[in-house]
Amino acid sequence: ALADRMADAPLVTDRAELEQALAAGKLPILAPYRWLHAADPLPHSWEVTSDSLSAWIAGSLGAKRLLLIKPVRDKRASLVDGYFARALPKGLETMVLTPHELDRLGAALDETRPPGAWRLVSEG
């Protein structure tokens, strides 16, 4: 649905398609099912959600930073899934924002932020 609504935003299913779209100056929208199915990198468990999948994909792409925007369901619960810390590659800076913190989004996306300025933000 998102790819249908955005010009120059192709739906991609693997790393090669993603890199081709970026090289063409387009904004790729990743539908990673086939990539994840072929690599099968994570446990098949309820403990693994899109949080861990995002961490694995970011690591596979050599990303420097990962930003998650998560709803707050229960103040006692963590904002990320139980496997997330294990799926995070070493050195990947991570920030988790809630909808109430979206005023921090511009600063979070500022590429001039020094390394180490991000941290894992979780409640619980």
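The values are calculated or read from the model by the stated rules, or taken from the named source; none is laboratory data. A quick note: this is a predicted structure, and the numbers were derived from the prediction, not measured. Virtual Cβ from ideal backbone geometry, glycine too; neighbours counted across all protein chains shown. Just so you know, the surface numbers come from the protein's heavy atoms only, side chains and all, with ligands and any DNA or RNA stripped out. Shrake-Rupley method; radii C 1.70, N 1.55, O 1.52, S 1.80 Å.
For the reader, a short list of remarks on this structure follows.
- Considering residues of region 23-52 that are open to solvent by 60 Å² or more (accessible area, probe 1.4 Å) and in a helix (DSSP H, G or I) only, the residue farthest from His100 (Cα to Cα): Ala38
- Residue in region 53-68 that is at pLDDT below 85 and either out of contact with any helix residue (DSSP H, G or I) (no Cβ under 9 Å at 6 or more places or on another chain) or more than 24 Å from Ala16 (Cβ to Cβ) (or both) present: no
- Some residue of region 90-104 being open to solvent by less than 50 Å² (accessible area, probe 1.4 Å), β-branched (Val, Ile, Thr) and under 28 Å from Ala16 (Cβ atoms): yes
- A Cβ distance below 6 Å, combined with a sequence gap of six or more or placement on separate chains, defines the contacts here; from region 20-46, residues that are over 16 Å from Gly59 (Cβ atoms) reach residues that are outside any loop (DSSP other than H, G, I, E, B) and open to solvent by less than 50 Å² (accessible area, probe 1.4 Å) in the pairs Ala21/Val12; Pro28/Val12; Pro28/Leu18; Pro28/Ala21; Ile29/Ala3.
- Qualifying residue in region 2-12 (condition: in a loop (DSSP other than H, G, I, E, B) and on the phi > 0 side of the Ramachandran plot): yes
- One residue from Ile69, Ile57 being surrounded by 15 or more Cβ atoms within 10 Å (Cβ to Cβ) and either closer than 24 Å to Asp110 by Cβ or in contact (Cβ under 8 Å) with a residue 24 or more places away in the chain (or both): Ile57
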